[in-house]
Amino acid sequence: MNTVATFDQVRELVGASVGLVPTMGFFHEGHLSLIEAARRSTETVVVSIFVNPLQFGDSADLAAYPRDVGRDAVLAGSSGADVLFIPDVDTMYPKGSRTIVTVEGASASMEGAYRPGHFAGVATVVAKLFAGIQPDVAYFGRKDAQQLAVVRTMAADLSFPVEIDGLPIVREPDGLALSSRNVHLAREDRASALNLHNALFAAGDAFEAGERSVNALLEIARATIDVGAGIDINYIEAADASDASTVDRIDGPVFVAIAARIGNVRLIDSILLDPATERADRGTYIDNPSILYGGA
Ligand code: AMP
């Protein structure tokens, strides 16, 4: 595996079909599942690590974001990456940059409402990665379901010739969705964090039992939250999986997303409801404690 820092270096190294996995690093099994999927279907696998200042409203959150590039390089290489792209801020945002990509509609609700400017930061950095690396396929996790809808919309609107592949959420053995931020969860907050996926799974169970009303499903999810658990729920909402637009009934693929602050950590999770299969996609589980916590 080669580690490089400029777009020219990446383009020199790539072959006929290029898979791109954009990340902010501090890898866990969710990231590795994306790299492995890219390895299975594309010739050259490029993994990018960039903690994108443009998508962080809060500078303390940006400063506290966990980082370990040495560990990430080992994990990326062993998962099948060919090129690890770690640009600096000047490479991604050359001096004098004035262009921001804003995806109307898909960016407005949920994460967009709680983190103003967040999706403009995401859409801009992903557009720049698409332009600079020119991948054939780009891999994203469904955990960030609204982000996936924003990226799909951006790529279609700007005519990027790239296929966007959304992959299942990878969960810890107790069900908590893997997130680099989980390392900051205090021991006593961990049990509270399980409220997130339990609420989504309750909605998933009701969907699989035949419920198609979004209001009814959201009520069921909200009713499962343990009000004594000390978690501050930002939202539990549902949206069309393709463009994050509002839906009342589940007639096509819809995601239900939840965001909450637990202690100092803000976590998000989601579940995909697909009426074609009548299934709620809860994702997959790892068997052992995550590599996030220092395991092999
Ligand atoms: P991040 O480094 O958090 O920006 O995430 C990079 C990519 O990994 C995004 O496409 C995320 O949706 C994806 N991802 C993060 N957590 C998970 C997870 N638990 N399962 C699957 N994909 C994930």
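The single residue among 250, 262, 231 that is surrounded by 14 or more Cβ atoms within 10 Å (Cβ to Cβ) and farther than 20 Å from residue 183 by Cβ turns out to be 250.
Restricted to segment 141-166, and to residues there that are within 11 Å of the chain's Cα centre (by Cα) and under 19 Å from residue 47 (Cβ atoms), the residue that is nearest to the ligand (Cβ to nearest atom) is 141. A search for C-beta distances below 7 Å between a residue of segment 141-152 that is hydrophobic (A, V, I, L, M, F, W, C) and any residue that is within 8 Å of the ligand (Cβ to nearest atom) and assigned to a helix (DSSP H, G or I), counting only pairs 6+ apart in sequence or on different chains, returns 148/142.
Checked against the criterion of being touching a helix residue (DSSP H, G or I) at 6+ places or on another chain (Cβ under 8 Å) and at negative phi, the candidates 146, 134 yield just one match: 146. For the residues 64, 76, 16, the requirement of being more than 11 Å from the ligand (Cβ to nearest atom), of a type in the set (A, V, I, L, M) and buried (at least 20 other Cβ atoms within 10 Å of the Cβ) singles out 76.
The strands (runs of 3 or more DSSP E) falling completely within segment 1-57 that include 3 or more residues that are free of Cβ contacts under 8 Å to residues at least 40 places away in the same chain map to 44-49. State whether one or more residues within segment 253-267 are touching a His at 6+ places or on another chain (Cβ under 7 Å) and within 24 Å of residue 65 (Cβ to Cβ). Yes, segment 253-267 contains a residue that is touching a His at 6+ places or on another chain (Cβ under 7 Å) and within 24 Å of residue 65 (Cβ to Cβ).
A single member of 137, 183 is β-branched (Val, Ile, Thr), in contact with an Asp or Glu (Cβ under 6 Å, 6 or more places away or on another chain) and surrounded by fewer than 22 Cβ atoms within 10 Å (Cβ to Cβ), and it is 137. Of the residues screened, residue 51 is one that is over 25 Å from residue 287 (Cβ atoms) and either within 13 Å of the chain's Cα centre (by Cα) or among the aliphatic types (A, V, I, L, M) (or both).
Yes or no, residue by residue, for (1) under 23 Å from residue 27 (Cβ atoms); (2) in a helix (DSSP H, G or I); (3) modelled with pLDDT of 95 or more:
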{"site": "197", "(1), (2), (3)": "yes, yes, yes"}
{"site": "201", "(1), (2), (3)": "no, yes, yes"}
{"site": "245", "(1), (2), (3)": "no, no, yes"}
{"site": "252", "(1), (2), (3)": "no, no, yes"}
{"site": "261", "(1), (2), (3)": "no, no, yes"}
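Restricting attention to segment 167-176, does a residue exist that is away from the ligand (no atom under 12 Å from the Cβ), under 20 Å from the mean Cα position of the chain (by Cα), surrounded by fewer than 18 Cβ atoms within 10 Å (Cβ to Cβ) and at pLDDT 95 or above? Yes, the conditions are met somewhere in segment 167-176.
Please determine, by comparing only the residues of segment 19-51 that are charged (D, E, K, R) and surrounded by fewer than 20 Cβ atoms within 10 Å (Cβ to Cβ), which one is nearest to the ligand (Cβ to nearest atom). That would be 36. Note on segment 278-295: residues that are more than 21 Å from residue 72 (Cβ to Cβ) and of a type in the set (A, V, I, L, M, F, W, C) total 1.
The values are calculated or read from the model by the stated rules, or taken from the named source; none is laboratory data. Because the structure is predicted, anything quoted here is derived from the model rather than measured. Positions of Cβ are generated from backbone atoms using ideal geometry, with glycine treated the same way; all protein chains shown enter the neighbour counts.
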